[in-house]
Amino acid sequence: MGFEKFGKVGFVSETKAVDFVDYLEQGKLMVTRCKKCGTIFSPPKMDCSQCLSSEMEWVEVKGKGKLITYTTLQFAPTGFDDDLPYTLGLVEFKKGLNVFGRLSKGITQDELRAGLELKPVPVRLSSGRISYEFQKA
Amino acid sequence: MSEVAIIGVGQTAFVRRCGISIQELCFEAFKEAVDDAGISPSELDGSIIASAPEYDKQRSPAGVISEYLGLTPKPTFYCESICSSSSTALKVAYSFVESGLHDVIAIIGFQKMSEISSADVQERMGRGADIMWESPFGTMMPAYYAMFARAYMDQYELTEEQLALVRVKNAKYAALNPKAAYRKEVSLEDVLNSRVIASPLKMYDCCANADGASCLIVASKERAKKAKSTPIWIAGIGAGSGSVNMARRDSMTSFICAREAARQAYEMAGVGPGDIDVAEVHDCFTIAEIMAYGDLGFCKPGEGGKLIQDKETYIGGKIPVNVDGGLLSKGHPIGATGGSQLRTIVKQLRGEAGPVQVAGARIGLVHNIGGVGLYGNVTILRR
């Protein structure tokens with residue numbers, strides 16, 4: 001239990017990755033790394049699909065990333081209408097470490113472009129739930 | 001050379017609201033296919049029912065459909081890979097027949113999407129993403145494909161006008177297809193002026209949800225000889241998969257699942273992209289058709305915009321694509337789509353495609369994708 005607090009609408013409650021939510025509460029966006037072979041997983045996996053080890057450690061996503069691609073939605077699936085319009089994006093922090101998420105509403109349409117430098121910031125939603133967004137670095 | 005043929009094809013009209021039950025919808029496509037093959041339902045060794053779950057209240061639809069079509073007590077089961085469910089079912093049927101386990105199999109693909117709202121459809125589609133890591137941000141199909149469109153426009157020469165030209169082409173051919181949901185030509189301006197759904201994709205860059213069913217009858221060489229129709233042979237059949245999470249994708253301008261499926265299908269058929277006379281590709285969004293051009297080798301990676309601009313995918317061009325209107329204008333009742341695409345190519349290779357016949361077509365290709373590049377299916381058919 002506990003993971004259902006993640007995101008605007010949560011669909012999953014039970015997972016070995018529940019610490020992800022606790023880290024967000026502490027202000028950190030995390031991914032996992034396999035202790036045995038060093039493979040990094042974003043989003044986190046709690047079991048390594050490279051060497052099949054289950055000894056994983058949490059690693060914080062730090063620094064600036066670059067926007068790879070994005071879209072601004074004018075139509076939303078059920079449960080997300082009141083957020084419209086909102087922007088989804090994929091951000092590369094380093095080779096092999098991409099993170100998917102929403103972009104801050106503080107970023108204007110004119111500023112949106114591939115290569116824009118962004119940083120991950122945990123955010124408390126009005127409903128008391130927790131998520132993260134990308135803000136200008 | 002494969003010894004498995006498609007001997008019968010059927011499809012309902014694709015419509016916004018069919019007003020009938022799922023089993024009644026399937027009956028229409030089924031009747032057309034068995035009539036086309038000239039066989040009686042009692043000659044079938046089994047059926048595979050293909051659709052995407054959660055659009056119907058009915059759990060496990062294979063049972064009620066098999067009963068309604070009078071196919072009991074022969075085996076039946078449900079097959080799912082979202083939007084490519086009926087292509088996946090073809091691969092299963094092919095394996096049954098090629099192995100000698102069965103001789104004649106019916107594949108019935110269907111979807112009735114009109115019972116729920118468009119937003120609810122998007123919510124279900126959005127849950128075709130990873131519900132743990134991506135759906136909580138409010139994802140939906142048009143948004144994912146829009147991210148691919150944006151990346152393609154940034155990395156290569158692709159414009160919103162070129163995306164729109166894909167819809168203009170497919171609408172032109174849908175106008176000639178009595179089974180299409182939208183039988184109306186659209187202009188470049190119509191597409192460009194339609195409202196934005198997820199930038200840069202606009203309403204007319206997106207396919208329409210629809211109700212519909214399709215049916216294929218697959219048979220061994222022995223049984224194909226007795227069919228009323230000209231058998232169309234399965235020359236190559238390939239499938240692949242891609243990671244659900246966008247963060248783990250190798251590319252945002254191409255689908256690895258499609259490239260893998262195409263590689264397998266071309267290798268099995270012993271042909272290359274230049275040998276294909278006519279193709280059906282999964283144009284759930286205009287960008288999806290542009291990406292398919294490159295993934296199938298119809299053009300070099302990144303040159304999809306130029307291919308449509310030069311009208312090379314029109315009838316008379318280098319490689320005619322989606323001359324039945326495609327998902328964009330024919331409509332996309334998810335589980336029925338693969339079967340409908342295969343039906344179109346079967347008709348083309350038989351020379352029965354009427355006003356959209358590609359003259360002398362002998363080898364055809366079907367590209368059918370499940371989700372945002374989760375499941376790739378490429379089938380090559382030969383006369």
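The values are calculated or read from the model by the stated rules, or taken from the named source; none is laboratory data. Quick caveat: nothing in here was measured; it's all calculated off a predicted structure. A quick note on method: Cβ atoms are made from the backbone with ideal geometry, for glycine too, and the neighbour counts reach across all protein chains shown.
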*Can you give me the ranges of the strands (runs of 3 or more DSSP E) entirely in the range A:75-130 with at least 3 residues that are closer than 16 Å to B:P136 by Cβ and more than 8 Å from chain B (Cβ to nearest Cβ)?*
A:117-124
*Quick one: which of B:G70, B:G19, B:G63 is surrounded by fewer than 24 Cβ atoms within 10 Å (Cβ to Cβ), in a helix (DSSP H, G or I), more than 20 Å from the chain's Cα centre (by Cα) and small (G, A, S)?*
B:G63
*Would you call A:K45 of a type in the set (D, E, K, R), under 18 Å from B:N245 (Cα atoms) and within 11 Å of another protein chain (Cβ to nearest Cβ)?*
yes
*Yes or no: A:G38 in a loop (DSSP other than H, G, I, E, B), among the small types (G, A, S) and more than 9 Å from chain B (Cβ to nearest Cβ)?*
yes
*Within the range B:232-253, is there a residue that is charged (D, E, K, R) and in contact with a Ser or Thr (Cβ under 7 Å, 6 or more places away or on another chain)?*
yes
*Looking only at helices (runs of 4 or more DSSP H) that fall completely inside the range B:216-335, which ones have 2 or more residues that are over 16 Å from the mean Cα position of the chain (by Cα)?*
B:221-225, B:256-269, B:304-309
*Name every residue in the range B:336-378 that is of a type in the set (A, V, I, L, M, F, W, C), closer than 11 Å to B:V281 by Cα and outside any helix (DSSP H, G or I), in order of residue number.*
B:L365, B:V366, B:I369, B:V378
*So is B:A210 in contact with a Pro (Cβ under 7 Å, 6 or more places away or on another chain) and more than 13 Å from chain A (Cβ to nearest Cβ) or not?*
yes
*Any chance the range B:230-244 includes a residue that's in contact with a Phe, Trp or Tyr (Cβ under 7 Å, 6 or more places away or on another chain), within 14 Å of another protein chain (Cβ to nearest Cβ) and at pLDDT 95 or above?*
yes
_For B:F30, only one of the following conditions fails: (1) in a helix (DSSP H, G or I); (2) surrounded by fewer than 24 Cβ atoms within 10 Å (Cβ to Cβ); (3) not hydroxyl-bearing (S, T, Y). What is its number?_
(2)
_the range B:130-148 residues that are within 22 Å of A:A114 (Cβ to Cβ) and facing another protein chain (nearest Cβ under 7 Å), paired with ones that are of a type in the set (S, T, Y) and outside any helix (DSSP H, G or I) (beta carbon under 6 Å, 6 or more apart)_ = B:A143/A:T71; B:A146/A:T71; B:M147/A:T69; B:M147/A:T71
